[in-house]
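Below you'll find the structure, written out as structure tokens, and then a few comments.
Every number in this text was worked out from the coordinates using simple rules, so none of it is lab data. Note that the structure is predicted; figures quoted are calculated from it, not measured. Backbone-built Cβ (ideal geometry, glycine too); neighbour counts: all protein chains shown.
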Amino acid sequence: MNTMTESKKTVTLNYINGEWVASDSEQTAVSKNPAKIGEDVGYYQISSSNDFDQAAISARKAQKAWGKLAGSVRGDYLLKAAAILEERIEDVATAMTQEMGKTFAEAKGETARGVAILRYYAGEGMRAIGDVIPSSDSDALMFTTRVPLGVVGVITPWNFPVAIPLWKMAPALIYGNAVVVKPASDTAITCSKVINCLHDAGIPAGVVNMVTGSGAKIGMEMVNHPEIDAITFTGSNTVGKQLAHAAVDRGIKYQLEMGGKNPVIVANDADLDLAADATISGGLKSTGQKCTATSRVIVHKDVYEEFKEKLLTKMKTITVGDGFETGTWMGPCASEGQLETVLSYIEKGKQEGAKLLYGGNQVLKDQGYYVEPTVFENATPSMTIAREEIFGPVLVLLKVETMEEALEMANDSEYGLSASIFTTNIGNMLSFINEMDAGLVRINAESAGVELQAPFGGMKQSSSHSREQGRAAIEFFTSIKTVFVK
Ligand SMILES: NC(=O)C1=CN([C@@H]2O[C@H](COP(=O)(O)OP(=O)(O)OC[C@H]3O[C@@H](n4cnc5c(N)ncnc54)[C@H](OP(=O)(O)O)[C@@H]3O)[C@@H](O)[C@H]2O)C=CC1
Ligand SMILES: CCCCCC(=O)O
């Protein structure tokens, strides 16, 4: 059981060596519902260094036998966990909406994506992992194989509290690693429910561990712990770079997926209704809290006014409220801190001279951390709201004279995660595919909504330049051995 009741409070436990245990710190912290100020979702462990040490040592001990299992046997555990998670979609999605505000429909969709991720990687346990390479010595046999890294530390954010932990854990596990997970504190309870599915699937003790608590403490414990062989992280650039420096100091492998400032280009031959719908979905779904969310909307002057009107007409239909209410299209910001960040960027946009076209206000103040869907125009590429990741429902319209200018503006960012173009012109498409510096390049489709079977990751400051998901994940979670036999 992943929780205990302590003076009528539901307290989520750590998962160490196959058991749900309280921290020896005897301290817990509260997880709050951003849609309902004052409502506590539950409590999680404020873990100690000793807690983490126990988890890392357990992982080390368990990994040896786990790595020796046949891939198909490891895959069977993931298939069982997938079936259990599928049975629990409503319960896990409820925790997600309660902890970070995502609408219940989106939360159920994400949890179903977690089920699919487990099933995809279960299959990886029976696929080829190397090549036979002809040696120049005709009497010799030369081939490659892959071996697990050992114990992988997993640090995850609050915005996809099921999909991201699973798209890191599932490949780590199928390729023979053990894991220690430190989830975002804002979504610790949701993560414990995912871990409980792996526990109930009978995964061997120590192969999977979860230690909750402050990233600044437990996250740094993780990257500096001698039993941790690699780190995979998704979150802010600030934290990612800190982890990378610590990983390099120890000489361990690291993987970072960080921020984005994702552009959409609307060409003068675009389907403007499609472009407006995709801009709203890509930019405002999940309250804009996706690293792949649309934020810069670069529109050709010939269609600017028509597109703007379509966008505003659709934005005005957006309903903001509690993610459990069926009429809600957009939930609250994930936390009070995130709301304050978004409001500060909106103020910055006004101060720097951008024109607030729609939204920009905090709403339902007495209920939760809600902000209106927001769009600016008359912004310049140098403005803060056009350069920095806001991680909220804020769109910035930018007008251009030519497609060459549009592409140049789209590339004018320190980030390079996802980018979309709406056009019916093959020349525009090919130029965009070839010249857009982004890991995810999408034609007549929104910038968000990546599929689990395809490589995911960014260029420039969005990533450490590896790729997650799909078959690409094997590159990070294994090491290649080139074997020569005479
Ligand atoms: N690219 C992406 O997918 C995401 C990007 N972001 C960006 O990050 C910003 C803040 O979001 P947030 O979730 O707080 O992102 P953070 O980078 O602050 O947190 C991500 C994870 O890192 C942990 N962490 C925090 N500080 C440290 C540290 N010093 N060492 C090790 N781990 C640490 C967090 O733990 P804890 O929760 O306990 O602090 C959490 O588990 C967002 O506004 C957005 O810009 C956020 C989420 C996803
Ligand atoms: C970390 C961000 C994940 C984005 C997944 C999506 O766009 O659907």
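A few comments on the model shown:
- Per-region count, segment 141-161, residues within 13 Å of THR482 (Cα to Cα) and either in contact with a Lys or Arg (Cβ under 7 Å, 6 or more places away or on another chain) or among the basic types (Lys, Arg) (or both): 4
- Among (1) away from ligand 1 (no atom under 16 Å from the Cβ); (2) over 30 Å from ILE228 (Cβ atoms); (3) free of Cβ contacts under 8 Å to residues at least 60 places away in the same chain, the one test that SER420 misses: (3)
- Options VAL21, VAL41, VAL92; residue that is under 30 Å from TYR369 (Cβ atoms), aliphatic (A, V, I, L, M) and touching a strand residue (DSSP E or B) at 6+ places or on another chain (Cβ under 7 Å): VAL41
- Within segment 369-390, if we keep just the residues that are of a type in the set (Ser, Thr, Tyr) and touching a Pro at 6+ places or on another chain (Cβ under 9 Å), the residue that is nearest to ASN33 (Cα to Cα) turns out to be TYR369.
- Screening the candidates GLY213, GLY206, GLY219 for the property of being closer than 23 Å to THR478 by Cβ, away from ligand 2 (no atom under 16 Å from the Cβ) and crowded, with 22+ Cβ neighbours inside 10 Å yields one hit, GLY206.
- Matching helices (runs of 4 or more DSSP H) fully within segment 369-486 where at least 3 residues are under 19 Å from the mean Cα position of the chain (by Cα): 473-477
- Qualifying residue in segment 183-191 (condition: out of contact with any Asp or Glu (no Cβ under 8 Å at 6 or more places or on another chain) and surrounded by fewer than 24 Cβ atoms within 10 Å (Cβ to Cβ)): yes
- Taking the numbered list (1) within 16 Å of ligand 2 (Cβ to nearest atom); (2) touching a residue at least 40 places away in the same chain (Cβ under 8 Å) in turn, ASP139 passes all entries but (1).
- Extreme residue, surrounded by the most Cβ atoms within 10 Å (Cβ to Cβ), among residues of segment 2-19 that are free of Cβ contacts under 8 Å to residues at least 60 places away in the same chain and either assigned to a strand (DSSP E or B) or within 27 Å of the chain's Cα centre (by Cα) (or both): VAL11
- Check on GLY235, within 16 Å of ligand 2 (Cβ to nearest atom), within 22 Å of the chain's Cα centre (by Cα) and buried (at least 17 other Cβ atoms within 10 Å of the Cβ): yes
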